1. Determine the dipole magnitude for the range 159-227: charges of +1 sit on the beta-carbon of Lys and Arg, -1 on that of Asp and Glu, nothing else is charged, the reference point is the Cα centre, and the result goes in debye to the nearest 20.
2. Mind ranking 50-60, 205-215 by how tightly packed they are, going by the mean number of other C-beta atoms within 10 angstrom, highest first?
3. Sorted by mean Cβ packing within 10 Å, highest first, what order do the peptides 175-185, 37-47 take?
4. Looking at the P(r) of the range 159-227, how many percent of alpha-carbon pairs lie beyond 14 Å?
5. How far apart, in nanometres, would the label points at residue 101 and residue 127 be if each is projected 7 angstrom from Cα along the Cα-to-Cβ direction?
6. Any idea what diffusion coefficient the range 25-153 gets from Stokes-Einstein, in µm²/s, Kirkwood Rh on alpha carbon pairs, 37 °C, 0.692 mPa s?
7. Give, as a single signed number, the net charge of other residues whose beta carbon lies under 9 Å from the beta carbon of residue 97, with Lys and Arg counted +1 and Asp and Glu -1.
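Rule-based calculations on the coordinates, nothing more; no lab input. Owing to the predicted nature of the structure, the values given are computational and were not obtained by experimental measurement. FYI the Cβ positions are ideal-geometry reconstructions off the backbone, even for glycines, and counts take in every protein chain you see.
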Amino acid sequence: MTAARPMLDTYREVITPEGVPLQLPAAGPVPRALAWLIDLVIRFSVLTVMSPLLIPLGGLGQGLYLGLMFLLFWAYPIVFEVWWGRTLGKRALGLRVVSGDGSPLGWMPAIVRNLLRTVDMLPFGYAVGLVSCLCDAHGRRLGDLVAGSLVVHDAPRMAQSPARIDTVLAPPQPLRPEEQRALVAFAERAPALSAARQRELADIVSGLTQDRGQAGVLRLYAMANWLLGRR
């Protein structure tokens with residue numbers, strides 16, 4: 001079952017104080033860059049709309065314009081990430097900023113990660129941040145590493161819990177702890193995936209299930225139930 005590990009490669013596992021393991025789906029540099037571009041367009045759009053209204057005010061208008069610019073480029077991401085967990089750009093891309101343990105982001109980490117954008121931007125085009133994202137296993141830029149934060153994919157919430165597969169099947173061979181975690185993680189996340197994607201992942205471990213397609217998916221569910229003690 002060693003081939004099952006790739007499905008967890010982009011996930012960061014953390015253990016809650018209650019001893020419950022959580023799988024945080026870390027976001028890579030591409031969706032994060034797109035979210036940043038959307039936020040940039042929003043910022044400049046607001047400035048473009050407000051500029052004609054503030055110019056007639058003379059010196060007062062210039063002061064208000066500079067204050068608005070400060071709020072949009074510095075306060076906006078900090079406030080939105082603390083209060084809402086994400087900016088408008090991240091919401092559009094289905095991303096969320098959390099602490100390293102999966103809890104909501106606090107004020108100080110939000111301030112630190114956004115202030116350090118000035119370093120991540122160096123020497124141009126977020127080069128330092130990009131290198132950091134590519135080198136880190138969870139796609140974190142320098143600001144995230146210092147602040148202890150993580151950008152994750154925000155899985156859509158289901159209106160109701162999916163029906164569980166209640167069959168039970170013991171694995172045909174002993175499984176290492178990491179293989180057991182991979183199997184349970186598949187059973188937990190598979191209901192949110194398309195049927196084709198479920199079958200694709202199940203086929204990777206057909207040597208364990210001794211079956212392919214939907215039959216392999218059902219056997220993985222049954223083995224996960226066995227591992228979870230649902231006998």
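1. Computed about the Cα centre, the dipole is about 60 debye.
2. Taking the mean over residues of other Cβ atoms within 10 Å, the ranking is 205-215, 50-60.
3. 175-185, 37-47
4. Here the long-distance tail beyond 14 Å is 55 percent of all Cα pairs in the range 159-227.
5. Calculated label separation equals 3.8 nm.
6. Details: Rh = 15.3 Å.
Using the Kirkwood radius from Cα pairs, D works out to 215 µm²/s.
7. +2
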